[in-house]
Amino acid sequence: MTEAAKLTLSGQDHDYPVLSGSVGPDVVDIRKLYGQTGAFTYDPGFTSTASCQSKLTYIDGDEGVLLHRGYPIGELAEQSSFMEVCYLLLNGELPTADELEKFSWTISRHTMVHEQLAQFFRGFRRDAHPMAIMCGVVGALSAFYHDSTDIHDPQQRMIASHRLIAKMPTIAAMAYKYSVGQPFLYPDNSLSYTGNFLRMTFGVPAEQYEVNPAVEKAMDRIFILHADHEQNASTSTVRLAGSSGANPFACIAAGIACLWGPAHGGANEAALNMLHEIGTPERIPEFIARAKDKNDPFRLMGFGHRVYKNYDPRATVMQKTVREVFAALNVQDPLFETALRLEEIALSDDYFVEKKLFPNVDFYSGVILSAIGFPTSMFTVLFALARTVGWVAQWNEMITDPDQKIGRPRQLYTGPTQRAYVPVGQR
Ligand code: ACO
C-alpha cells in the first residue's frame, strides 16, 4: 500500500489514503477532506480529479495507449467488430461465437423506433442541424419506453441499453433523410448493424441498395474507434445526469448535447474545413506559421489532445482506413495528400515536437466520412451513434457502484457577501 498523502492546513496535519488502480497514476482519496478540515479542493476542468472508479477503458496519454477492458484499440479495430466491442464494453469479456450471435440478434430486434416517433422529426425545420434533431428525438425516447426505466432492475437497464444501441443508427439515418427531403427507410435486420445503418442512410425505396463491404468494414471500424474514451466531457455528463436516478434515454440526450460542442465531438468537422481552407500542400507553411503565432487564434485542427501527448492510437488506424476506403471507392482526394504532408511537416517542426502535439482521431476521420458521402453536419452524429455504447456501459457501471452518490461539485464562491435588500424606489 502506498504511503498516505499528508496535508497541512491551518497548522493541522491530515493523512489521506492513496489508492492504486490496476495500472495508471495513484489517486489521493480526499473524500473525508471537507468533513475533517472544512476545506474543498479547487480543480476547474477536473484536470487532477478522478470522479469515479471504472473498469471499462484505460488511457496512457504519454505512451499513446488506449485499452477497452484491457484490449488495445489497434487490435480491436483490426480484428474485432463493433457489435463485439459493444458486448465487451457492456459485459466485461469478449463474447463466444454463440454469445455474439445472440447479442447481435437481440440488438437487431430493437432497431425499429415507435411509429409515432417519426412525428417528432416533422416538427423540426428542414435546415435543423442533425445534432439538434438527435438531442430532441433521443430525449423523446424517454416518453416511449416505460417498461425499461427502473434503473435499479439490471434486466430493465440492459433492455434500455440494447434499445439505445439499436435505435441510434435508425434515428441518425432518419435525421439525415429528413435534412435531404428523402423518405425514411425501415431497418433491414438481415444486414449487419453497420450495413443496416448505411442502407437506411444512403438507400432509397425506389432502388435496391447494395452495401459495399469495404465501406461497411471501414464504417464499423470508425464506430469501434469512437466507442468509449473513459471520463471525457460527454461521458461525465451522462454519469452526472444519471447520478440523480434520471431516465436513461434523457441521460443519453444530455450526453449528445455535450458532445455537440466544437472542443469535443465537433472537431472532426473543423479539421476537414481547415484542410479545405489550406487546399494544396504549397500553402501548408503559411498555416503552420499561423498555428505557431501567439497573436493568431488559429490552431491546427485535429492536432493536440488533453490526454494524448503522443500519437493518438486511433489516428493511426484512421490513416490506414482512409487508404482502404479510397481504394474501395476508387477515389482520389487531394485533401488527403495535403493532410499527410501537413502531418509530416508539423511532426518535424520544433514547436509541435516540444509541445507534444500529434494528430488526434479527428485529423483523418473527416476525409474518410466525406469520401463515404456524409455531409460535415453528420460527422458528430456518427460520433454520437458510436459513443452511445460507451455512455450506456459507463451509466450501468455507475449505477452498480456501491460508492455512487449524486454528483454535486462544490465551488469557490467569489460573489458579494451578505447585504440587505434595497427596495426598488430607493436604488
Ligand atoms: N495548434 C497549435 N498549437 C496548439 C494546438 C494546435 N492544434 N494545440 C495546442 N497548441 C498549443 C497551445 O497554444 C499551447 O501553447 P502554449 O503552451 O505556448 O500556450 C499548448 O499547445 C498547450 O495547449 P492547451 O490548449 O493548453 O492544451 P489542452 O490540453 O488544454 O488542449 C486541445 C487540447 C483542446 C485538444 C488542443 O490541442 C486543441 O485546441 N486542438 C485543436 C482542436 C482539436 O483537434 N480538438 C479535438 C480533440 S480530440 C476529441 O475531442 C475527440
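The values are calculated or read from the model by the stated rules, or taken from the named source; none is laboratory data. It should be emphasised that the depicted structure is a prediction, and the values quoted were computed from it without experimental measurement. Don't worry about glycine lacking a Cβ; one is built from the backbone with ideal geometry, like all the others, and counts go over all protein chains shown. Accessible surface is based on the protein model in full, side chains and every heavy atom, while ligands, DNA and RNA are left aside. Shrake-Rupley method; radii C 1.70, N 1.55, O 1.52, S 1.80 Å.
Just checking, which of TYR413, TYR364 is over 20 Å from the mean Cα position of the chain (by Cα) and of a type in the set (Phe, Trp, Tyr)?
Only one candidate qualifies: TYR413.
Inside the range 62-122, counting only helices (runs of 4 or more DSSP H) that do not spill past its ends, which hold 1 or more residues that are within 30 Å of SER142 (Cβ to Cβ) and free of Cβ contacts under 8 Å to residues at least 24 places away in the same chain? I'd like the intermediate steps shown before the answer.
Numbers: elements: 73-79, 82-91, 97-108, 118-122.
Fully inside the range 62-122 and qualifying: 82-91, 97-108, 118-122.
Would you confirm, using the coordinates I've provided, whether GLY407 is assigned to a helix (DSSP H, G or I) and modelled with pLDDT of 95 or more? Steps first, answer last, please.
On the way: assigned to a helix (DSSP H, G or I): no; modelled with pLDDT of 95 or more: yes.
For GLY407, the condition - assigned to a helix (DSSP H, G or I) and modelled with pLDDT of 95 or more - is not met.
Can we say GLU78 is out of contact with any helix residue (DSSP H, G or I) (no Cβ under 9 Å at 6 or more places or on another chain), of a type in the set (Asp, Glu), under 30 Å from PHE358 (Cβ atoms) and surrounded by fewer than 16 Cβ atoms within 10 Å (Cβ to Cβ)? Quick ask: steps written out before the conclusion?
Values: out of contact with any helix residue (DSSP H, G or I) (no Cβ under 9 Å at 6 or more places or on another chain): no; of a type in the set (Asp, Glu): yes; under 30 Å from PHE358 (Cβ atoms): yes; surrounded by fewer than 16 Cβ atoms within 10 Å (Cβ to Cβ): yes.
Judged against the criteria, GLU78 is not a match.
Contact list please: Cβ distance under 8 Å, first residue in the range 32-47 and away from the ligand (no atom under 16 Å from the Cβ), second residue at pLDDT 95 or above and of a type in the set (D, E, K, R), pairs at least six apart or on different chains.
TYR34/ARG410; PHE40/ARG410
For the range 323-331, indicate whether the set of residues that are free of Cβ contacts under 8 Å to residues at least 40 places away in the same chain and of a type outside the set (S, T, N, Q) is non-empty. Full working, then the answer.
First, pick out the residues of the range 323-331 that are free of Cβ contacts under 8 Å to residues at least 40 places away in the same chain: 323, 330.
Those still in the list that are of a type outside the set (S, T, N, Q) too: 323.
Yes: one or more hits.
For the structure I just gave you, tell me whether LEU240 is assigned by the TED database to the domain that holds LYS355 and among the aliphatic types (A, V, I, L, M).
When the stated conditions are applied, LEU240 does not pass them.
Could you give me the residue pairs with C-beta distances under 7 Å whose first residue belongs to the range 1-26 and is closer than 14 Å to ALA50 by Cα, whose second residue is open to solvent by 50 Å² or more (accessible area, probe 1.4 Å) and among the hydrophobic types (A, V, I, L, M, F, W, C) wherever it lies, and which are 6+ apart or on separate chains?
Cβ pairs passing all conditions: VAL18/VAL28; LEU19/VAL27; ASP26/LEU19.
Take the conditions touching a residue at least 12 places away in the same chain (Cβ under 8 Å) and closer than 30 Å to GLY74 by Cβ and apply them to ASN189. Does it pass?
On the way: touching a residue at least 12 places away in the same chain (Cβ under 8 Å): yes; closer than 30 Å to GLY74 by Cβ: no.
For ASN189, the condition - touching a residue at least 12 places away in the same chain (Cβ under 8 Å) and closer than 30 Å to GLY74 by Cβ - is not met.
Looking only at helices (runs of 4 or more DSSP H) that lie completely in the range 294-380, which have at least 1 residues being more than 11 Å from the ligand (Cβ to nearest atom) and within 27 Å of PHE197 (Cα to Cα)?
Because the criterion is at least 1 residues that are more than 11 Å from the ligand (Cβ to nearest atom) and within 27 Å of PHE197 (Cα to Cα), the helices (runs of 4 or more DSSP H) in the range 294-380 that meet it are 313-329, 334-347, 362-372.
Could you say which residue among ALA257, ALA241, ALA246 is more than 14 Å from the ligand (Cβ to nearest atom), under 23 Å from LYS177 (Cα atoms) and either not acidic (Asp, Glu) or not in a loop (DSSP other than H, G, I, E, B) (or both)? Walk me through how you get there before you give the answer.
Details: ALA241 fails: under 23 Å from LYS177 (Cα atoms); ALA246 fails: under 23 Å from LYS177 (Cα atoms).
When all the criteria are applied, what remains is ALA257.
Here are some conditions: (1) at pLDDT 95 or above; (2) touching a strand residue (DSSP E or B) at 6+ places or on another chain (Cβ under 9 Å). LEU90 meets all but one. Which one does it not meet?
(2)
Taking the stated definitions as given, is GLN231 part of a loop (DSSP other than H, G, I, E, B), of a type in the set (S, T, N, Q), open to solvent by less than 50 Å² (accessible area, probe 1.4 Å) and not assigned by the TED database to the domain that holds VAL367?
On the way: part of a loop (DSSP other than H, G, I, E, B): yes; of a type in the set (S, T, N, Q): yes; open to solvent by less than 50 Å² (accessible area, probe 1.4 Å): yes; not assigned by the TED database to the domain that holds VAL367: yes.
Taking the combined requirement at face value, the residue satisfies it.
Can you confirm whether the range 132-140 contains a residue that is outside any helix (DSSP H, G or I), more than 21 Å from ILE399 (Cβ to Cβ) and either hydrophobic (A, V, I, L, M, F, W, C) or touching a residue at least 60 places away in the same chain (Cβ under 8 Å) (or both)?
Our first condition is that a residue be outside any helix (DSSP H, G or I); within the range 132-140, this holds for none.
No: zero hits.
Just checking, which of ALA263, ALA254 is open to solvent by 50 Å² or more (accessible area, probe 1.4 Å), of a type in the set (Gly, Ala, Ser) and under 22 Å from THR47 (Cα atoms)?
Details: ALA254 fails: open to solvent by 50 Å² or more (accessible area, probe 1.4 Å).
The conditions single out ALA263.
Just to be sure I understand the filter: pairs with C-beta atoms under 9 Å, separated by 6 or more residues or on different chains, first member in the range 280-291 and closer than 15 Å to LEU340 by Cβ, second member exposed (fewer than 14 other Cβ atoms within 10 Å of the Cβ) and of a type in the set (A, V, I, L, M, F, W, C). Which pairs pass?
That search, which allows pairs on different chains as well, returns PHE287/PHE298.
Here's the yes/no breakdown for (1) within 20 Å of the chain's Cα centre (by Cα); (2) within 22 Å of ASP62 (Cβ to Cβ); (3) basic (Lys, Arg):
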position: ALA263; (1), (2), (3): yes, yes, no
position: ARG299; (1), (2), (3): no, yes, yes
position: ARG306; (1), (2), (3): yes, yes, yes
position: THR316; (1), (2), (3): yes, yes, no
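How many residues, within the range 41-61, are assigned to a loop (DSSP other than H, G, I, E, B) and within 17 Å of the chain's Cα centre (by Cα)?
Of the range 41-61, the ones assigned to a loop (DSSP other than H, G, I, E, B) are 41-43, 47-56, 61.
Now restrict to residues that are within 17 Å of the chain's Cα centre (by Cα): 54, 56, 61.
Selection size over the range 41-61: 3.
Hey, does the range 127-136 have a residue that's open to solvent by 50 Å² or more (accessible area, probe 1.4 Å) and either under 23 Å from ARG387 (Cβ atoms) or not aromatic (Phe, Trp, Tyr) (or both)?
First pass over the range 127-136, keeping only residues open to solvent by 50 Å² or more (accessible area, probe 1.4 Å): 127, 129.
Narrowing further to those that are either under 23 Å from ARG387 (Cβ atoms) or not aromatic (Phe, Trp, Tyr) (or both): 127, 129.
Yes, the range 127-136 contains a residue that is open to solvent by 50 Å² or more (accessible area, probe 1.4 Å) and either under 23 Å from ARG387 (Cβ atoms) or not aromatic (Phe, Trp, Tyr) (or both).
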